[in-house]
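These notes concern the structure reproduced below.
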Amino acid sequence: MATKAVGSHVCSDCGHVAHRWFGRCPACSAWSTATTPEAAEAGEALVVSLDSSVDTAERFPTGAPEVDRVLGGGLVPGEVVLLAGEPGIGKSTLVLQLIDSLVGAGLPTLLITGEESLGQVALRAERLGIDTGKVRAAAASSLDTILASARAERPGVLVVDSIQTVADESLDQSAGSPTQVRESAAGLMRFAKSNATALILVGHVTKDGSVAGPKTLEHIVDCVLTLEGERSGSVRLLRAVKNRFGSCEETGVFVMAEHGLEAVVDPSAMLLADRCHGVAGSVVFPGLEGTRPVLMEAQALVAENKSPQPRRVAHGFDSKRLALLLGVLQQRAGRSFVERDVFVGAAGGLAVREPAADLAFALALASAHADRAVPSDVVVFGEVGLGGEVRRVPGSERRLMEAARLGFRTAIVPRGQERVPRGLKIIETDHLSRAIALFFEAEHDPDLHLSESSEIGRMVSLGAEASAGSPPR
Ligand code: TYD
Ligand code: MG
């Protein structure tokens, strides 16, 4: 009965024909019933004009806004998502909470657990306050068994925790081996694509990413999400490192709490909540997580140590970057850390990877070195080069807006800022030594004095030509 329209999809339940792929049949509302009639003659690939293939597949929200943001608005029928992270970081917790949201949004889901028994999953779900009566789950590790259960259940979303426990029994290899991971993932993906079922594969990775598993899958799945965080701390970041159906710009911020992962609505406020004021070695850095501005505290501690090899310890900050900053501070700003232990860290459990944090960490180090505090209403950003020069960084305006929103009064920034939010005094600097002089040398320009007054959109340039007002060469 189905007209054999080119590129059409037919509901296997009611025979409804649609020109576009559907996750849920628009006619009879059945899930995962879209099938593709034989589209091409043997030996010939179906050729179409691209406009008929524009991907307008309906995207469905998962009901968890923080996850949707990272996915790009929700899941797409047939989409395959790899959720990767270190063991113990919270992947199983996240998928269980996600299933709860999906079920709440009316989507049939199926959880395949290969790592934990159904009893363990149920216990955890109860602790998370999930209505276990609504969660469909099976403990299985054989690919064929999983596919049979999925065929019978016809879920809109299939979750497999984890891909390392699944084995295609026709292969003579144990679960978790590279071949097994690849082949069983391929089998699950075929099911997902031909049934318009969204598939979420959980995969473990180690810190160096060396474990054979998920890395080998990254290029075949549609979307790779990573869940990261310092395991000792409670902050967790969900990032898309690959996304065929959306951007890789967004970051979800969570804390692991007593009842699972909680979305953090205002990360800056959370990260700065425990800040000590007036302490040397602390500088606030307006960072960017994807497109999202997040204020965090750069901390440094310097302690005397006469041993030939004093310690250099970095937490949540790259240790090579720390070595570079110490070199620049010594050679370009006259601050030597010889015979001193140096510790730096990003407070709050978020790691900082942006070069934009250089100036904040360098000032925190100079502040600890001088044992003098940077005023607590100051934010600092800018990349520091080997010559001590301060370079521009992306997203300045967003960083400044966030600082203004949280009540900061002064920003030390690279030169060339275009727009300045109200209520923020901007001090532009082109060199690390001048930024340091601003705070830790007595005889700095009185005009640059950091007063308590709030100036609206005032901009000061701290650079040789600019401050002297000399004409261009
Ligand atoms: P889990 O989701 O099992 O990690 P993964 O699947 O990535 O290996 O989470 C493990 C940790 O999370 C565990 O050590 C305990 C902690 N946790 C909480 O702090 N609160 C909770 O509500 C839950 C469920 C777990
Ligand atoms: Mg787990």
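The values are calculated or read from the model by the stated rules, or taken from the named source; none is laboratory data. Everything numeric here is computed off the predicted structure, so don't read it as measured data. So basically every Cβ, Gly included, is an ideal-geometry build from the backbone, and we count neighbours across all protein chains shown. Each accessible area value is taken on the protein alone, full model and side chains, heavy atoms only, with ligands, DNA and RNA left out. Shrake-Rupley method; radii C 1.70, N 1.55, O 1.52, S 1.80 Å.
Below are the figures for this structure:
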quantity	calculated
Pairs of lysines in the chain (C-alpha under 27 Å apart; 8 or more residues apart or interchain)	16
Arg415 long-range amide H proximity, modeled H, under 5 Å	Thr429
Disulfide-incompatible cysteines by the Cβ rule (no partner under 4.7 Å) in the chain	Cys223, Cys248, Cys276
Cut-off under 5 Å, modelled amide H: who pairs with Leu288 long-range	Val294
Per residue, the convex hull volume that the Cα atoms of the chain enclose (Å³)	205 Å³
Added length on full extension, which subtracts the Cα-Cα distance from 0.36 nm per residue, Ala273 to Val47	75.6 nm
Spatial separation of Cα centroids for segment 90-104 and segment 336-398, in angstrom	38 Å
Helix-only CD estimate at 222 nm, as mean residue ellipticity for the chain, using -39500 (n - 2.57) per DSSP H run (n ≥ 4)	-7500 deg cm²/dmol
Summed residue charge, Cβ within 11 Å of Trp31's Cβ, Lys/Arg positive, Asp/Glu negative	0
For Ala314, distant residues with modelled amide H under 5 Å away	Val344
Karplus-derived 3J(HN,Hα), 6.51/-1.76/1.60, for each residue of segment 153-166, Hz, glycine and proline x	7, 6, x, x, 10, 10, 10, 10, 10, 10, 5, 6, 9, 8
Average accessible area per residue (Å²) across the chain - probe 1.4 Å, nucleic acids and ligands excluded	45 Å²
Given charges at beta-carbon only (K, R positive; D, E negative), |dipole| of segment 289-359 in Debye	200 debye
Accessible area of the chain belonging to carbon and sulfur atoms, whole % at 1.4 Å probe	51 percent
Neighbourhood charge, 15 Å Cβ-Cβ cut-off, centred on Leu225 and excluding it, Lys, Arg +1 and Asp, Glu -1	-4
